[in-house]
Each structure stands twice: as C-alpha cells, then as structure tokens.
Amino acid sequence: MNTAPLQGIKVVDFTNVQSGPSCTQLLAWLGAEVIKIERPGKGDATRNELQFDPNEPSYYFLQLNSDKKSLTLDAATPDGKAILTKLIEGADIFIENLHPGAMDKLGFSWEEVHKINPRCIYGTIKGFPVSSKFANLKAYEPVAQVTAAAASTTGWWEGDNAVPTQSGAALGDSNTGMHMTIGLLAALQQRERTGVGSFVYQSMHNACLNLCRIKTRDQLTLDRIGYLTQYPQYPNQKFPDYVPRSGNQEGSGVLGWTYKCKGWETDPNAYAYIILQRGAKDFEKACAALGFEDWLTNPDFNTADARDRHKQEIYARIQAWAIDKDKYEIVDLLAPAGVPCAPVLSTKEIMNDESLYDGNTLVKINQGGNIGEFVTVGVPFTISDYQPTYGPCPDLGENTVEVLTSLGYTPEQIETFKANGTTAPLPKVPENNK
Ligand SMILES: CC(C)(COP(=O)(O)OP(=O)(O)OC[C@H]1O[C@@H](n2cnc3c(N)ncnc32)[C@H](O)[C@@H]1OP(=O)(O)O)[C@@H](O)C(=O)NCCC(=O)NCCS
C-alpha cells in the first residue's frame, strides 16, 4: 500500500532558486507529483550557478530538485499559456516565486488561476508582505536576514567585527520554503471542507521574522526595563534602545557560551558549547562535573540571578577548564552530569557521521552519469508508516514529452511546440541571415 501523505496531489511548480524549490522538493518527497516549469534553454537559475563542472548541474540545483519532473515551457507564448492553463486545470497546487508583478504580467495571477481552477491552491513567495514598504523589492537570502532582525542581532557586539552578520542557515530561503509548505498543507486541509483552493502568500521576511520571535521578546523586555540580564552586556555595559548583538549567548535565560578547546590554534571548529541551567539541582551537578563546588557556597554564583551578574567570571573559569580538553571529551565529561553541551561540528564532520545516514537525516541520491551519488538532507521529520524514497533530479526538460502527452497533445503538436519556441529555444539566426 502506498502510504505517501501527498499521494495523488499534483503540483505545478513555477519556482526557482531556493525558497520555492525547497518547498516543492519536500512536497515531492511526501509523495506529490511535482512538475517543474523551466524556461527553455535556461532552466532554473541554480542549474548553472556554482557548478563544479560546466557540463553538469550544480550541487546547488541538485540539493533542491530531487524527484521532480522538468517541463520546459515559455509561458509568455500563446501555446505556452495554453499548456500552462491545461496543467492548472488538473492541478491541486500552483506555486511561484517570480519577482513581484512578473506572474501577473504572464497572465497567471491568483485571480486568473482561481478562475481556471477554483480548487487549485495558489502559493506565492515574495520578499516582503504586501503591506510592506519594501513589497516591490526583489529578494535573496540576505535581503530577508537584514530586514527581519536576524542580521542586526547576530554577531559580535564590540570590536572590529561588530557588524550585522548573516546566519549560515538559510533563514530567508529554505526556511521560507518550509513555512510555505505549512501554508500549503493547511490550505489542502481547508479545501477538504470548503472544496475551494486558497491563496497562500509567504514572504521571506515573515518566515525569517518568525524565527526571530525571541528577539521581539527581548525588545519588549528592553523597552520595559532597559537591560537584558542574559546578554553578555549585562550588568556592566550600557544597552541601546534596540536589541544588540550578543555573540554566542544562549537564546533563553540559561547561561550558555562557546568555549575554545584543545587544538583551537589549528582547527577553527575546536569549540564546545556548554550551558549552565538555572535550577539549583542542575547547577549543583554541573559544579560537581566541572570541579567547581566552591561556587555552591559563594553568593556571587549560587543563585541563577547572581550568575547572570557574574557571567564573565563564569565564562573565564569554564574557558580555563575547557582549553586543554578535546571538544568530544568535554561532552563525555559533562553530559553524564546532565549538563547540556555539544561539540561545534564542521560540515565535513557532519557529513562523515555514519550514524546520520539513517534513511532520513542525511541521504544519498544516485543521480547517475558523471555525477553519481551525492549526499543531501532528507525529509527533516519522520512519519510512522511512511518512508520517503529519494530519486534523482531531472535534466532540463526531461519530462516535457511525457507531461505534454499526459495532457492529450499529439506527437505532431509536441513537435510544433519544440519548433516554435514554446518548449525549446528557437534556433539562433546566423548573423548573415538577419
Ligand atoms: C529571485 C529573484 C530576485 C530573481 O529575479 P529575476 O532575476 O528578475 O528573475 P525572475 O525569475 O523573477 O524573472 C525573470 C523573468 O523571467 C520570466 N520567466 C521566468 N520563467 C518563465 C517561463 N517559464 N516562461 C516565461 N517567462 C518566464 C519572468 O516572467 C520574468 O520576466 P520579466 O522580468 O519580463 O517580468 C526574484 O524572482 C524574486 O525576488 N523572487 C521572490 C523572492 C524569492 O523567492 N527569492 C528567491 C529566494 S531563493
């Protein structure tokens, strides 16, 4: 029995780059049929971006387009519009992430698509909410991060490197795709009851801001009392009236920091993260594991509030303790005492960790040809009773004939579409024939 949650759901995928494709790849892995529309001769912008070989699709493309079908289609031509209309007639979801206004110009706005197929859910990704003064901006990852409080609150708060800093995590791109997935799944559920497809609008800004929710918590607290006890600036430095950058501070009230470990001189990731929890029992156990029992009777350290005021002394002492220990050894020493801690891991260490190849976390996809096998991150959650499978990414236009045939077009019509620029680029006219 096919237990794929989205079995039978047909997605017309007019997205490219990362935000939209990350969403539609997840839909495909959950069992939907995803037909990716790509411009003839060009395809998704990431196919040819950051390639390791000029003749092969890049790992950028390969990370985001597994298990989709590729249909090359110029949706600006009359035949292209007719084909897209037919596709929409049979679709459950239409999703796009072109620059603001582009889809309206092509004639496939939410209103138009809703007229073509009222059951079809319409997903759209843009940089900003419609109400925003930035609504018409084109957007890439950093645009979301710098406008949604991610960059202004990330990085160092003093010194030469005290600049707004981007997260390595794709808070604006893939995170937006994941948020869009939630919206689409909700709309599918809603359609079960109403019979009508909804318009799902997901901005990169809102997806990123949603992950900065605790920074709005901090702004509210700052507005009330003018300081934030958990921040490294407390108690000795003056706080601005906005949430400052806080280095490696843990995001909540517990006292967490990143510590240099043995080998840091040559390995930039020889660090461990160690957290002291606020509860008295937890602190007692941590002190025993660290050998810092004197803290238990010292009023500067024996309450959580006192520790907030003396955090720099705490950081310094734990740092001195950690410096001659391997980052994994630290976890072995502290974790048995219930201390939340972890080694800082590089991409290499993660991808070499065989325990993560559990069928879901990291997965290997056989792309075939010169690319062979590559590693990607699978569906990030597990569902009992369903095991996703992971197949290759399509070549540009690989499924064009298959999709057009399924729409009822004859081989002659399919040849015409190829010749007239609808599904393949028009041949270049030689200079002397112009
Ligand atoms: C990512 C982004 C900045 C790229 O902008 P861009 O370089 O202008 O590229 P787009 O893909 O949006 O569109 C380029 C053109 O190709 C056209 N096009 C794309 N696919 C087409 C197709 N299959 N058939 C016909 N035309 C097509 C678009 O209509 C557009 O035409 P126009 O400029 O005449 O209006 C922009 O799409 C954007 O801001 N998107 C919303 C936010 C987003 O998702 N960003 C990506 C994060 S990973």
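Quick note: the coordinates plus some simple rules give every number you see, no bench work behind them. Just so it is clear, the structure is predicted and the values come from calculations on it, not from any experiment. Every residue, glycine among them, receives a Cβ derived from its backbone with ideal geometry; neighbour counts consider all protein chains shown.
At q = 0.16, 0.19, 0.25 Å⁻¹, work out log10 I(q)/I(0) for the stretch 255-339 with the Debye formula, treating every Cα as an identical point scatterer and leaving solvent out; two decimals please. Relative scattering, expressed as log10 I(q)/I(0), comes to -0.58, -0.80, -1.28.
Note on E373 and E89: the model spin-label points, each 7 Å out from Cα along the C-beta direction, lie 4.5 nm apart. Going from the fewest other Cβ atoms within 10 Å to the most, the residues D385, D44 appear in the order D385, D44.
Here's the list of aspartates and glutamates a cross-link from K126 could span, going by alpha-carbon distance under 16 Å and ignoring same-chain residues fewer than 8 apart: D13, E96, D104, E141, D173. Lysine pair count for the stretch 200-317 (Cα-Cα distance under 21 Å; residues 8 or more apart in sequence or on different chains): 6. Packing here is the average count of other Cβ atoms within 10 Å per residue, and on that basis the peptides 186-194, 351-359, 241-249, 201-209, highest first, run 201-209, 241-249, 186-194, 351-359. Going by Cα centres, the stretch 44-98 and the stretch 366-395 are how many Å apart? The two parts, judged by their Cα centres, are 18 Å apart. Axis angle, to the nearest 10 degrees, between helix 19-29 and the longest C-alpha principal axis of the chain: 80 degrees. Evaluated over the stretch 1-92, the count of Lys pairs having alpha-carbon atoms less than 12 Å apart is 5 (only pairs 8 or more residues apart or interchain). For the stretch 255-382, the relative contact order is 25 percent, taking Cα pairs closer than 8 Å that sit 6 or more residues apart in sequence and dividing their mean separation by the residue count.
Applying 1/(1 + (r/R0)^6) with R0 = 45 Å to the Cβ-Cβ distance of E313 and F199, what FRET efficiency is obtained, to the nearest 0.05? Step by step, r from the Cβ atoms, then E = 0.25. DSSP assigns beta bridges within the chain; of those with both partners inside it, close to 40 percent run antiparallel. Starting from the Cα of K238, step 7 Å toward the Cβ, then list every residue of the stretch 137-160 with an amide N under 17 Å from that point. Answer for this model: 158-159.
Using R₀ = 45 Å, calculate the FRET efficiency as 1/(1 + (r/R₀)^6) where r is the Cβ-Cβ separation of K138 and D324; round to 0.05. That pair, K138 with D324, gives E of 0.35. Radius of gyration (Cα atoms) of the chain, expressed as a multiple of 2.2 N^0.38 Å: 1.19. Cβ-Cβ distance of T405 and K115, R₀ of 30 Å, FRET efficiency by 1/(1 + (r/R0)^6): the value works out to about 0.70. Helical runs (DSSP H, four residues minimum) scored at -39500 (n - 2.57) apiece and divided by the length of the chain put the mean residue ellipticity at 222 nm at -9500 deg cm²/dmol. Pulled fully out, how much extra length does the chain show between L296 and D104, if you take 0.36 nm times their separation in residues and subtract their Cα-Cα distance? Answer, rounded to one decimal: 62.5 nm.
Model label sites at M351 and A169, defined 7 Å from Cα along the beta-carbon direction, differ in position by 2.0 nm.
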